[in-house]
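Comments concern the structure below.
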Amino acid sequence: MSKPFSALHHDLIQLSEPIRESLTKARYNPPEGSNVSIKSMLMSLLPQTNSQPKPNLSETEIHSQVRDFSLCCAALASSAESTHDQLSWIPDSLSIAANSAFRDLSKAVTHGLSKIGELGFDLGLVLDGTKLVAESMIEVLPSLKSSIKDSAIDRSDDGNEISASLVRSPVAYAVVAAYQFRWFVTQVDYPHLGRLCPLVIPCALTCLDHWSPEVKVCAGFMLGTLDDFP
């Protein structure tokens, strides 16, 4: 990280407050029959309102907050590409603000990104905004893949019957995770995305195997993006 952890914590609080205010004001009515609140889930990813910069904030704590903030921004920013009722309630202005907030955070977090260094990224050739996206993807794509898989309908042991009772998580979470995944991938250009293919392709295939058309369409988009690369 390029700043002391306490300074990054302060930046996160400052960047999250306008997002929190707009998110709070956004009109949200959960779809009929839905037992989850996507709005509440997104709010939970932002730093606490009464949170003050901590001089002794650990590296683990700040990484967790950066990860959660990145996931929130990804969901909000990706809503501009979705007409699904789990995301269509998000105003365009909030989607734009989230994208801008992530860019601002990327300027603060430019060093100490060890994971992309381990994958062989030449950090001197990677834009600051791409660095944070790529670092975040290494951490969040496995969890997004799990969220998508948890709402898939598994076949029974004999392989012939499908039981909805085997769904472990509401499909709303899979839809949001698929669009978060899509947003992260579209922020990384060639040739850098190639180094992330071992994470991107399994997640895309999990989307493709999902029963929800909205999740599947994200998979098709992602695989098409990879096909466009030389």
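Of all residues in segment 72-92, which are closer than 17 Å to residue 46 by Cβ and assigned to a helix (DSSP H, G or I)? Hits for segment 72-92 are 72, 73, 74, 75, 76, 77, 78, 79. Take the conditions on the phi < 0 side of the Ramachandran plot, modelled with pLDDT under 85 and either of a type outside the set (Lys, Arg) or surrounded by 20 or more Cβ atoms within 10 Å (Cβ to Cβ) (or both) and apply them to residue 193. Does it pass? It is true that residue 193 is on the phi < 0 side of the Ramachandran plot, modelled with pLDDT under 85 and either of a type outside the set (Lys, Arg) or surrounded by 20 or more Cβ atoms within 10 Å (Cβ to Cβ) (or both). Considering only residues that are aliphatic (A, V, I, L, M) and over 17 Å from residue 43 (Cβ atoms), look in segment 93-107 and name the one that is surrounded by the most Cβ atoms within 10 Å (Cβ to Cβ). Per the stated criteria, the residue is 105. Filtering segment 71-86 to residues that are within 15 Å of residue 100 (Cβ to Cβ) and not small (Gly, Ala, Ser) leaves 72, 73, 76. So in segment 95-113, with the set limited to residues that are outside any helix (DSSP H, G or I) and of a type outside the set (S, T, N, Q), which one is modelled with the lowest pLDDT? If we take residues in segment 95-113 being outside any helix (DSSP H, G or I) and of a type outside the set (S, T, N, Q), then 112 is modelled with the lowest pLDDT.
Scanning segment 203-219 for residues that are modelled with pLDDT under 90, of a type in the set (Gly, Ala, Ser) and within 18 Å of the chain's Cα centre (by Cα) returns a single hit, 219. Return the residue satisfying two criteria in turn: it lies in segment 137-168 and is of a type in the set (Val, Ile, Thr) and in a loop (DSSP other than H, G, I, E, B), and of such residues it is modelled with the highest pLDDT. Restricting to residues being of a type in the set (Val, Ile, Thr) and in a loop (DSSP other than H, G, I, E, B), the top hit is 153.
Scanning segment 28-50 for residues that are β-branched (Val, Ile, Thr) and surrounded by 14 or more Cβ atoms within 10 Å (Cβ to Cβ) yields 36, 38.
Against the criterion of being crowded, with 20+ Cβ neighbours inside 10 Å, modelled with pLDDT under 85 and not hydroxyl-bearing (Ser, Thr, Tyr), residue 90 does not qualify. Scanning segment 53-71 for residues that are hydrophobic (A, V, I, L, M, F, W, C), outside any loop (DSSP other than H, G, I, E, B) and either over 17 Å from residue 134 (Cβ atoms) or at pLDDT below 80 (or both) returns a single hit, 62.
The values are calculated or read from the model by the stated rules, or taken from the named source; none is laboratory data. Everything numeric here is computed off the predicted structure, so don't read it as measured data. Positions of Cβ are backbone-derived with ideal geometry, glycine not excepted, and every protein chain shown enters the neighbour counts.
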